[in-house]
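First up is the structure itself, then whatever we jot down about it.
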Amino acid sequence: VLEGLDAFPINRRNEPIIAIGGGVVTDLVGFVASSWRRGVPHINVPTTLMGYVDAAIGVKTGINFQQHKNRLGSFSPPERVLLDHTFFQTLPHRHLLNGVGEILKLAIVKEPELFATLELYGSDCINAQFQDKTSWEILSTAVESMLAELVPNLFETELARVVDFGHTFSTALEMQDKLDLLHGEAVVIDMLLSSIIAWQRSLLSRNDLERIFSLVLTLRLPLSSEGLAPDLLMRSLMERQHHRNGVQRVPLPMGIGSYCFVANIGLEDVTQAVIFFKEWLQDNYYGNEIQNPTRIFQYRP
């Protein structure tokens, strides 16, 4: 990309680079734009649900480096973000569900009405590829909720961020090549593990825990227990703690639409959460007729 810019020298003030694609594309272009001649403008046009509700509307860019998730990056605010949900009609089903994971994240810890809407209409919206009126309301709420968290803290002067829910253990899972997990798929597994830990600590009621797990089933989000080794998850937690300036700052749900931060999750918490998750998966998910009992990911491109 940088070589292309060098071969086609743009005017660095009024010729923005236009990124049209998913989160990988918008992150890459944003990083390049922040680096080229110390910064040139860029415009994001997300074509995936993940990009629409998450990657393209923030100011952070992330590039994987030496088996580390988003180890390279910059703060690179786009000049504009152009949102068009009709792009979703071109997505493979798996990639549509990938973005649903980020919508669910906001619903669990911030938006109880959004959660209830997903319970009632989420499956219909997925089947409609997010093209109907209810889908538009879900998308609008998700974007507005994300921006409400990002805008006051654009450059992360405050490191306790509720939008990091689902992003404590998922980084290690996502970087395991053998697991072949998309970002949203890893986030959903992380959110379920985090919700179990919250329930184990009496922060989350059993009823709300069951609602969260039930909604994941209703939306038919891909799940797997493959690779859920407590030591791997703890390494991810320690890396996130380092990233958060030495404090865990793990967001946990305290009910549908509320949250708190904890700083003392240990190996026993993670181990018990993994045991619970695997048992639940065996009892509820493997027996679901819509799923493949040997390779759980039903939705492949």
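Structure notes:
- Listed candidates (1) 6, 28, 36, 23, 6, 1; (2) 5, 18, 23, 14, 8, 8, 8, 6, 5, 3, 2, 0; (3) 6, 25, 31, 23, 11, 4, 0 - label of the one calculated as P(r) over Cα pairs in 10 Å bins from 0, in percent: (1)
- The chain, relative contact order [Cα under 8 Å, separation at least 6], %: 16 percent
- Nearest-0.05 FRET efficiency for N284 and Q131, computed from C-beta distance (R0 30 Å): 0.50
- Burial order of peptide ranges 138-146, 267-275, 77-85 (average beta-carbon count within 10 Å, highest first): 138-146, 267-275, 77-85
- FRET E, pair R201, H68, Förster distance 30 Å, beta-carbon r, rounded to 0.05: 0.55
- In a fully extended conformation the segment linking M238 and V262 would gain 7.3 nm over its present Cα-Cα distance, using 0.36 nm per residue.
- Proxy reagent accessibility, fewest Cβ within 10 Å first, across S123, S195: S123, S195
- Counting DSSP beta bridges with both ends in the chain, the antiparallel % (nearest 5): 60 percent
- Once backbone amide H atoms are built at 1.01 Å from N, I63 has N70, R71, L72, G73 as its partners under 5 Å, excluding neighbours fewer than 5 places away on the same chain.
- Axis angle, to the nearest 10 degrees, between helix 23-35 and the longest C-alpha principal axis of the chain: 40 degrees.
- Here I265, I43 are placed in order of increasing Cβ neighbour count within 10 Å, fewest first, which gives I43, I265.
- FRET efficiency estimate (nearest 0.05) - Cβ-Cβ, N153 to R80, R0 22 angstrom: 0.55
- Assuming charge only on the beta carbon of Lys and Arg (+1) and of Asp and Glu (-1), the dipole of the stretch 84-148 about its Cα centre is about 200 debye to the nearest 20.
- Sequence of Y52, Y121 once ranked by neighbouring C-beta atoms within 10 Å, starting from the fewest: Y121, Y52
- Of G22, L252, F8, farthest towards positive along the dipole that unit charges on Lys, Arg, Asp, Glu beta carbons give the chain: F8
- For G166, no residue has an amide H sitting under 5 Å from its own, ignoring neighbours fewer than 5 places away on the same chain, with H placed 1.01 Å from N.
- Summing Cβ point charges (Lys, Arg +1; Asp, Glu -1) relative to the Cα centre of the stretch 2-83 gives a dipole of roughly 240 debye.
- Residues whose amide H comes within less than 5 Å of that of I18, counting only those at least five positions distant or on another chain, are I43 (H built at 1.01 Å from N in the peptide plane).
- In terms of packing, defined here as the mean over residues of other Cβ atoms within 10 angstrom, the peptides 153-165, 176-188, 201-213 line up highest first as 176-188, 201-213, 153-165.
- Surrounding net charge for G227, when Lys and Arg each add one and Asp and Glu each subtract one, Cβ distance under 11 Å: -3
- Of the cross-linked pairs K69/K110; K69/K278; K69/K105; K105/K133; K133/K278, those separated by over 30 Å at the C-alpha level are K133/K278.
We did not get these values from a lab; they are worked out from the coordinates using the rules stated. None of these values were measured; they are calculated from a predicted model. Heads up, the Cβs are rebuilt from the backbone with ideal geometry, glycines too, and the neighbour counts pull from every protein chain shown.
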